[in-house]
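One structure coming up, written as structure tokens, with questions to follow.
The values are calculated or read from the model by the stated rules, or taken from the named source; none is laboratory data. In this text the structure is predicted, and so the values were computed from the model without any measurement. Neighbour counts run over all protein chains shown; Cβ positions are idealised from the backbone, glycine included.
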Amino acid sequence: MLLRRIIYPSLSLFVFIILLSGCATKKVIYRPGSENLKNGNLSEHVESWEDGLRTNPEENSFEWWYFDFSFTDGTTAVIVFSTKNILNPSGKPDPEVRIVITGPKGKKISVSDTPGYNNFYSSKTACNVRIGESSVKGDLKNYTLHFEYKDIKADLILAAGAPAWRPGSGKMYLDKDHKKYFAWLPAVPYGTVTGTISYNGTNRKVSGTGYHDHNWGNVKLDKILTQWYWGRMHTGDYTVIFSRMLTSPEYGSRLIPVFYLAKEDKILSDHTFKMTLKASKWKTHLSGRDYPENIVINVNQKNGTIKLELSNPVIIEERSLIDNLPGFIQFFIKLFTNPYYFRFNAKMNLQLRINGISAQKQGSGIFEMMLLRGKHTVRNDQ
């Protein structure tokens, strides 16, 4: 399907719930239990080594470290370090570092450096990755990033403001032997960032907020997932991350939600993930793909309820996932599928009654849609 790299599904994200039931022809997703914590030498709380290299790039695997920044002047930036094409984990190592800068008026700059496997390094004991002249080091509390390629440079310091988290072992397993998996670790659900960025011949100081997650696995994501939503928000003392994935027909076309809510350094959401997401006010993009202009998320758990509403999305990133293939190949692929990526700024309204706390907060946040399969967006709303 795709021979080149997807830019950066962040997901940001992770699917780890549910033993899928139903027709015997459907494949199974296995929920990791407490025994998987022991098997992975994991404690209940995230440790710094978990943000280090978790795969062998020379084997069947992929891995990426994703950083997402919103600056006070309205500029956003995404920096991603990756080992190879996530849709071709059996391929040879092809390390890439990419930066995407979107200005306050929507003008975008996107460059990537692929200096070869000989110019890649990553520690297994902590986040310490180098690709070419670019690097990142961190310990779940503080991260130092340096990007350098052509005429673009960035030097940024990210300080965590919400605790790292993973549900269970952080892995979704796709076989009974727990050999095939996809994993997600939100290492910095929210943080503050300061530093400098140089592009278009100017060097500017920046400050704002940031996010970092880490993903790895050994399966082709377009084989197990049809599409996903992912988003984040920070307002006042509260940090929210949400995701909802739709599995492929081979895995039962099931909806899998993930939700995180923290107040300062305390996580308030539990692990039941009784979350519903309803998307409405659909709009058709020039690509033919649809996206919603309104999303309402409701979470019901034993100690309370949470509601998050997203509205007025503004596209800050849009890209066909096959846009770097030859035109005639794109034409034939689009006869069967139209893989596409959207990234939005949106207004967000958070309401909660949980653990005796009642609050209503408004602000802005970022959400994305990754559309891996099919020609049309699936409009599931439950």
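What number of residues within the stretch 77-107 are surrounded by 22 or more Cβ atoms within 10 Å (Cβ to Cβ), assigned to a loop (DSSP other than H, G, I, E, B) and at pLDDT 90 or above?
The total comes to 3.
With 237, 290 as the choices, which residue is closer than 28 Å to residue 355 by Cα, surrounded by fewer than 21 Cβ atoms within 10 Å (Cβ to Cβ) and of a type outside the set (Phe, Trp, Tyr)?
Of 237, 290, the one residue that is closer than 28 Å to residue 355 by Cα, surrounded by fewer than 21 Cβ atoms within 10 Å (Cβ to Cβ) and of a type outside the set (Phe, Trp, Tyr) is 237.
If you take the residues in the stretch 152-182 that are acidic (Asp, Glu) and out of contact with any Leu (no Cβ under 9 Å at 6 or more places or on another chain), which one is surrounded by the most Cβ atoms within 10 Å (Cβ to Cβ)?
Ranking the candidates gives 175 first.
Pull up the stretch 334-382, narrow it to residues that are within 30 Å of residue 224 (Cβ to Cβ) and charged (D, E, K, R), then point me to the one that is surrounded by the most Cβ atoms within 10 Å (Cβ to Cβ).
The selected residue is 343.
What's the number of the condition residue 329 fails, among (1) surrounded by 12 or more Cβ atoms within 10 Å (Cβ to Cβ); (2) among the β-branched types (Val, Ile, Thr); (3) not in a loop (DSSP other than H, G, I, E, B)?
For residue 329, the failing item is (1).
Right, another one. Are there any pairs, at least 6 apart or on different chains, whose C-beta atoms fall under 6 Å, with the first in the stretch 148-164 and under 30 Å from residue 266 (Cβ atoms) and the second of a type in the set (A, V, I, L, M, F, W, C) and surrounded by fewer than 18 Cβ atoms within 10 Å (Cβ to Cβ), and if so, which?
none
Can you report the number of residues in the stretch 256-287 which are at pLDDT below 90, surrounded by fewer than 17 Cβ atoms within 10 Å (Cβ to Cβ) and either under 17 Å from residue 347 (Cβ atoms) or within 20 Å of the chain's Cα centre (by Cα) (or both)?
1
Just need a number here: residues in the stretch 139-183 that are of a type in the set (S, T, N, Q) and out of contact with any Lys or Arg (no Cβ under 8 Å at 6 or more places or on another chain).
Of the residues in the stretch 139-183, 2 are of a type in the set (S, T, N, Q) and out of contact with any Lys or Arg (no Cβ under 8 Å at 6 or more places or on another chain).
With the condition kept exactly as written, say whether any residue in the stretch 317-325 is closer than 28 Å to residue 76 by Cα, in a strand (DSSP E or B) and modelled with pLDDT of 90 or more.
No, every residue in the stretch 317-325 fails to be closer than 28 Å to residue 76 by Cα, in a strand (DSSP E or B) and modelled with pLDDT of 90 or more.
Restricting the search to the stretch 108-140, which residues are touching a helix residue (DSSP H, G or I) at 6+ places or on another chain (Cβ under 9 Å), surrounded by 15 or more Cβ atoms within 10 Å (Cβ to Cβ) and part of a loop (DSSP other than H, G, I, E, B)?
Selection gives 126, 132, 139, 140.
Can you pull out every residue in the stretch 141-197 that is farther than 24 Å from residue 46 by Cβ, of a type in the set (Lys, Arg) and part of a strand (DSSP E or B)?
Within the stretch 141-197, just 153 meets the criteria.
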